[in-house]
Ligand code: HEM
Ligand code: HEM
Ligand SMILES: [Fe+2]
């Protein structure tokens with residue numbers, strides 16, 4: 001840790017892990033409901049559990065992104081954070097808004113639009129919160145001594161993410177128009193600006209961990225995020241096929257979304273190539289493992305499994321089935337959950353001064369959570385494909401088909417248990433690192449590792 | 001190879017260009033959507049139904065236009081599939097309609113609210129979704145043999161036509177939740193059928209068939225209709241359940 005103010009990142013990371021744990025609890029509630037164990041139905045019906053599960057996901061990822069930015073930006077800009085107080089105020093208010101939203105979901109108060117369930121008044125608070133964050137980071141960059149591409153891309157990603165939240169806040173009468181703009185938030189986030197955030201963080205980690213020349217890494221960053229927008233913006237069309245929008249979206253969305261995996265493939269190849277090229281070995285191997293894992297798994301989950309159902313001829317039958325849920329899990333995990341966990345694995349020893357990076361627990365956490373998540377994805381894939389065949393192609397009744405595929409959810413729950421053990425190990429390691437310490441010294445890649453105590 | 005500044009131009013230029021195209025197509029979409037969605041039929045009642053849909057987060061279990069959650073059925077065509085009377089009965093007490101199955105919240109909607117929801121779903125069913133949801137391409141191959149002439153459908157009692165067909169078929173028309181009833185007269189006596197409709201759960205705990213309240217005359221009317229099917233032999237040849245492996249035309 002080079003600047004004392006980077007310490008705020010620790011609290012964002014800790015909050016993120018807390019919210020992740022809660023997300024998993026709600027995942028299990030839904031998983032059990034699907035195998036008939038729905039004893040909580042009176043208090044937590046499926047729609048409550050689901051809104052809570054997915055909103056916690058989004059909030060913990062945002063928390064992780066903000067923490068990452070608070071760690072990266074001071075270092076890239078070469079100065080302390082503009083306002084540490086604002087950062088803490090912003091974290092606390094974000095958590096308060098999140099908790100209120102979740103309580104509302106349990107009281108049947110929400111907006112009832114997938115992924116954007118937060119009640120409208122709270123939306124405004126989220127906007128204020130994010131503006132405070134952007135101001136803090138922006139001022140730090142503005143007053144900083146350096147302007148790097150990495151920090152610029154990261155900042156642009158965060159800024160556009162905030163701007164794109166706004167189209168989700170219009171109220172319209174027409175369901176099709178409603179849906180049309182909902183995707184400006186949901187799709188343009190995960191298949192657009194969030195990829196900038198991911199690219200920025202990945203770039204920073206690769207520079208730190210592999211020692212490859214910044215110019216080379218950053219040039220590729222531009223090319224890859226260029227590919228992202230080239231394909232991803234018009235790729236929004238893959239959500240416009242069957243919602244009442246004009247027919248040309250079948251062609252536009254089909255062609256451009258089919259190009260989207262290229263950006264993820266580029267990211268994977270680039271990360272692996274840089275790791276290979278980097279001569280000197282950084283001692284924090286596990287952070288590199290998470291970074292490369294992220295690059296590879298995002299290609300598998302988002303690129304490969306996204307491609308699997310993005311062509312309109314296929315999407316006609318998979319649209320709105322468990323095939324989508326299968327893709328959703330591995331894509332969010334590979335691209336966004338893993339980049340946040342990679343950042344934590346890298347930053348934590350520097351924040352706390354404890355070098356717990358080469359332990360068996362660290363590797364165990366990585367492999368167990370990944371194998372668990374791949375298992376969950378596999379179970380959802382079998383369930384989803386069976387659903388498509390029986391319901392969409394043979395025309396059997398929905399509930400009959402759901403009974404048929406119930407056993408796959410037992411499999412999914414077993415894999416989810418494994419996943420949870422992996423996350424448990426990660427959290428345990430996080431706690432063992434202890435609190436951030438003022439004595440933790442910058443561990444510079446050039447020099448010797450000089451970690452406090 | 002590209003230099004860093006060229007890479008930056010690629011990024012900024014590409015983003016600008018494709019954002020512009022996207023915005024232009026979005027403007028055009030907004031021009032076309034009123035026609036594609038029959039906006040002229042989007043009445044206040046439909047809008048009220050949409051608000052009920054949102055206020056209760058129905059999308060948190062169901063899909064509409066294929067969007068939402070995967071816990072409960074797709075509802076875009078539900079009015080065509082089940083009919084308004086069935087939907088109203090169902091909303092009164094969802095658990096009763098699908099006993100022992102996956103649960104839906106019992107919201108206690110007023111009649112007005114139920115009408116609003118149905119108006120909304122009816123409007124959704126009329127939107128041009130470019131062919132979604134597709135007719136299941138293999139359904140016809142798997143249809144149970146329909147032995148009843150289609151002419152008999154006209155004689156169906158009101159309650160049978162509006163409620164029972166949501167799950168059962170006669171003459172190949174109707175739902176696929178319960179068995180086809182064309183030949184039920186061969187399997188059950190008159191008394192058995194009347195008793196069964198009165199209380200399916202009592203006779204076979206765990207069955208998916210709900211107890212639907214109706215006066216005994218209605219039950220008798222239904223059963224007599226089903227028994228009557230025995231007297232009207234099929235005019236058409238039974239539908240082949242599977243496609244023949246070899247097309248006879250190949251030998252001509
Ligand atoms: C990290 C990136 C990605 C994430 C986090 C992600 C996540 C998701 C999620 C959560 C959904 C469900 C949305 C909803 O129904 O409300 C979804 C849908 C979809 N995704 Fe992705 N995705 C990513 C990248 C991609 C890519 C690169 C492709 C294509 C190549 C793709 C193709 C699709 C398609 C076609 C659907 C619609 C499924 C349907 O019709 O039901 N996704 N994605
Ligand atoms: C123990 C772990 C988990 C379990 C048992 C679980 C289970 C579930 C279930 C049952 C659904 C609802 C699907 C439906 O509508 O029927 C769901 C949705 C979702 N979950 Fe999880 N989940 C878990 C962890 C995660 C994690 C770690 C992530 C992200 C990294 C995640 C991301 C999502 C997303 C994005 C959706 C919405 C998918 C869509 O709409 O297509 N889940 N989850
Ligand atoms: Fe998308």
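Odds and ends about this structure:
- Overall form of segment B:39-126 per C-alpha gyration tensor (a/c, 1.5; a/b vs b/c): prolate
- Convex hull of segment B:140-231 built on C-alpha atoms - directionally averaged projected area, nm²: 5.9
- Among A:142, A:82, a tally of other beta-carbon atoms within 10 Å of each Cβ gives an order, fewest to most, of A:142, A:82.
- Fewest neighbouring Cβ atoms within 10 Å first, the residues B:58, A:203 line up as B:58, A:203.
- For chain B, calculated [θ]222 nm from helices alone, where every DSSP H run of n ≥ 4 adds -39500 (n - 2.57): -13500 deg cm²/dmol
- Cα gyration tensor category, rounded, prolate or oblate, for chain B with a/c compared to 1.5: prolate
- FRET efficiency for residue B:39 and residue A:28, using Cβ-Cβ distance with R0 set to 60 Å, rounded to 0.05: 0.90
- Calculated [θ] (222 nm, deg cm²/dmol) that DSSP helices of n ≥ 4 give over chain A, each run adding -39,500 (n - 2.57): -23500 deg cm²/dmol
- Ranked by the mean number of other Cβ atoms within 10 Å of their residues, highest first, the peptides A:266-276, A:239-249, B:4-14 come out as A:239-249, A:266-276, B:4-14.
- Placing R0 at 56 angstrom, the Cβ-Cβ distance between residue B:195 and residue A:100 gives a FRET efficiency of 0.55 after rounding to 0.05.
- Gained length - residue B:111 relative to residue B:96, 0.36 nm times residue gap less alpha-carbon distance: 3.6 nm
- Take each residue in A:146-158, count the other chain C-beta atoms within 10 Å of its C-beta, and the mean is 1.
- The mean count of C-beta atoms from other chains within 10 Å of the C-beta of residues in A:180-191, rounded to a whole number, is 1.
- Of B:140, B:28, B:93, the one that fluctuates the most in a GNM where chain B has Cα springs shorter than 10 Å: B:28
- Relative packing of A:283-296, B:70-83, which averages over residues the other C-beta atoms within 10 Å, highest first: A:283-296, B:70-83
- Segment residue A:389-residue A:432, extension gain: residue separation times 0.36 nm, minus the distance between their alpha carbons: 10.7 nm
- Rounded FRET efficiency, nearest 0.05, which uses the C-beta distance separating residue B:207 from residue B:21 and R0 of 60 Å: 0.60
- For the segment B:120-133, counting C-beta atoms of other chains within 10 Å of every residue's C-beta and taking the mean gives 4.
- The distance separating the Cα centre of segment A:63-142 from that of segment A:1-32 comes to 13 Å.
- The simple spin-label model puts a point 7 Å past each Cα toward its Cβ; for residue B:217 and residue A:43 those points are separated by 4.9 nm.
- In this simple spin-label approximation, residue A:146 and residue B:77 carry label points 7 Å from Cα along the Cα→Cβ vector, and these lie 6.0 nm apart.
- Sorting A:313-321, B:39-47 by their mean Cβ neighbour count within 10 Å, with the most densely packed peptide first, gives A:313-321, B:39-47.
- Gyration tensor (alpha-carbon) shape descriptor, the protein assembly as shown, a/c threshold 1.5: prolate
- Label-point gap, in nm, between residue A:251 and residue A:93 - each point 7 angstrom along Cα→Cβ: 4.8
- Relative to the longest principal axis of the Cα atoms of chain B, helix B:111-125 runs at roughly 60 degrees.
- Panel order for B:52, B:33, by other beta carbons found within 10 Å of each beta carbon, from fewest to most: B:52, B:33.
We did not get these values from a lab; they are worked out from the coordinates using the rules stated. Predicted, not measured: the structure shown is a model, and the values here were computed from it. Neighbour counts run over all protein chains shown; Cβ positions are idealised from the backbone, glycine included.
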